[in-house]
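Beneath this line is the structure, given in structure tokens, with notes to follow.
The values are calculated or read from the model by the stated rules, or taken from the named source; none is laboratory data. What you see is a predicted model; the values in this text were computed from it and never measured. FYI the Cβ positions are ideal-geometry reconstructions off the backbone, even for glycines, and counts take in every protein chain you see. Accessible surface is based on the protein model in full, side chains and every heavy atom, while ligands, DNA and RNA are left aside. Shrake-Rupley method; radii C 1.70, N 1.55, O 1.52, S 1.80 Å.
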Amino acid sequence: MKRLMMLTVMVLTLGGLHAQQVSSRAKAMRMMSFGRPEYQIKDIKVYTDTMTVYSLSSQVIYPLGVWESMEQYITDNQLHWYRESDYKRYFDSMEVSVNRMRRLDNSYVDMFYSIWTKKVELLAGRIDDAEVVLANGVHVGMSKDDVFKVFFKRYPKSYTADVAVLKVVSGAGEVAEIYTFKGQKLRHVKIETAYKYY
């Protein structure tokens with residue numbers, strides 16, 4: 001009798017886990033139908049408290065906008081950045097200049113000028129400062145609902161209630177914007193890249 005009860009509990013537990021996977025995938029598929037066309041959302045994955053959105057939009061690759069020089073970015077955004085320069089290895093044979101732009105609260109972005117794209121490319125960053133606004137209008141301190149409205153036309157609020165991290169990844173997986181929420185507010189934005197330049 002004990003074995004039968006134990007077997008029944010195991011079957012119900014495994015069945016419950018399978019049902020959770022299906023519902024999380026169904027939720028992701030439904031969220032895709034609400035995606036804004038400009039973000040060209042190709043896939044969404046939901047795992048525990050993290051929603052990962054795969055987008056073909058160039059905005060994901062250039063979250064601070066497209067700039068031809070670091071000076072142009074500094075001048076146009078009217079914010080005071082402290083600039084630190086360093087050199088990083090490039091294709092194992094030469095070094096390139098990488099600039100760390102830092103704010104007083106230790107928000108920073110690492111940038112370099114690419115001779116191939118003729119644009120400023122981001123390597124990494126963490127933004128805690130509400131004055132730094134991304135090209136899509138997102139800034140620290142925004143409500144979770146307003147951040148999701150940037151990427152989705154509408155959506156069931158229950159689908160994002162448990163989401164503490166929204167990760168927006170470029171189509172090739174080279175760049176990721178990670179939006180972390182505390183309660184119902186955006187706490188910080190992190191930028192990660194997987195560029196193989198050095």
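Below, the figures for the structure above:
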item: Counted residues, the stretch 94-125 - those being touching a Lys or Arg at 6+ places or on another chain (Cβ under 9 Å), surrounded by fewer than 17 Cβ atoms within 10 Å (Cβ to Cβ) and closer than 26 Å to residue 52 by Cβ; result: 1
item: Matching entry among 47, 82 (being in contact with a Lys or Arg (Cβ under 7 Å, 6 or more places away or on another chain), farther than 20 Å from residue 115 by Cβ and at pLDDT 85 or above); result: 82
item: Any hit, the stretch 69-82, residues being surrounded by 13 or more Cβ atoms within 10 Å (Cβ to Cβ) and acidic (Asp, Glu); result: no
item: Yes/no for residue 2 being modelled with pLDDT under 90, more than 23 Å from residue 126 (Cα to Cα) and exposed (fewer than 10 other Cβ atoms within 10 Å of the Cβ); result: yes
item: Members of the stretch 7-44 found to be modelled with pLDDT of 85 or more, open to solvent by less than 80 Å² (accessible area, probe 1.4 Å) and basic (Lys, Arg), listed by number; result: 36
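Results for (1) in a loop (DSSP other than H, G, I, E, B); (2) in contact with a Ser or Thr (Cβ under 6 Å, 6 or more places away or on another chain); (3) under 24 Å from residue 108 (Cα atoms); (4) among the basic types (Lys, Arg), shown as yes or no for each residue.
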residue	(1), (2), (3), (4)
129	yes, yes, yes, no
133	yes, no, yes, no
148	no, yes, yes, no
173	yes, no, yes, no
